[in-house]
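The next block holds one structure in the form of structure tokens; read it before the comments.
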Amino acid sequence: MATFSSLFYDDFMQINHFPSAENFQKIFDEIFAQGFILLPNFLSSFQVEDILKYAHKCPLKPAGVGKNIHMKNSPAANVHPSIRSDEIYWLNLDSDILHFPKSLNDYLAFIEALQRALNQECFSGAKFFECHFAKYAEGSAYAKHLDQHRGSNERILTIILYLNQFSPLREECIQNGGGEIQIYCREQPQEIFTKIPPLSGSLLMFFSGEIYHEVLPTNFERWSLTGWLRQS
């Protein structure tokens, strides 16, 4: 299995201190080079707990498969647990934002800064961000897939923030407890490139239309905030 590089910058430790233009450029350079980037310890354990407490209050529903499955968080008609067995809740970034905890609003402010930088540096045409909480119960998984729906190029960048509760014992469990995201080679998508454990507070970004990936069966309750920068 191939190794991969990870970038970490001190200014990411405090989310309200946005990365410099130079560090944003380093992020984009890494993504263009290999299709994805992993930023460990992007959020502190306090920030993760702050967001996770809010996530626990959200009315999750079984996730469906296919396009236009998330409208108004209505029950999905096309639920296929053999393909995808997580539960999700889509955030309304307009009406709900006043109720978000500070750590979540700070994170969304970072996403706005990332979007501006991506448009300025890469002319990506990203216009908005959508995201949902995802909970994988023990034994849950998501089969190999591409985040870009067939016949569509709306999603540009996939952004996953891992929200698993932190403790040294739990981090050891996560390292050995399944639930990894398995990344496939960009040029040869039938070949595995690497596996990334969902360590608390880490941030993963990759090109939505280029990187095949899957969530391996988990042995613990696995939480994330998964989102996309979109063209439309």
Subject >> Long-range amide H partners of residue 224 with built H, under 5 Å >> reply: 134, 163
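Given a Förster radius of 22 Å and the C-beta distance between residue 26 and residue 113 as r, what FRET efficiency does 1/(1 + (r/R0)^6) yield to the nearest 0.05?
0.90
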Subject >> Placed amide H near residue 141: partners under 5 Å, 5+ positions off or other chain >> reply: 85, 86
Original post:
residue 208's amide H: which non-local residues (gap 5+, or another chain) put their own amide H closer than 5 Å, with H modeled 1.01 Å from N in plane and none for Pro or chain starts?
Top reply: 157, 158
Original post:
Percentage of Cα-Cα pair distances in segment 100-232 greater than 22 Å, rounded to whole percent?
Top reply: 41
**OP:** Please give every one of the aspartates and glutamates within straight-line cross-link reach of residue 61, meaning a C-alpha to C-alpha distance under 15 Å, and leave out same-chain neighbours fewer than 8 residues apart.
**Re:** 86, 87
Subject >> Listed pairs 135/195; 57/195; 26/135; 26/195 exceeding 27 Å between Cα atoms >> reply: 57/195; 26/135
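Read-outs throughout are calculated quantities, based only on the coordinates presented, and are distinct from any laboratory measurement. Just so it is clear, the structure is predicted and the values come from calculations on it, not from any experiment. Note that we place each Cβ from the backbone using ideal geometry, even for glycine, and neighbour counts take in every protein chain shown.
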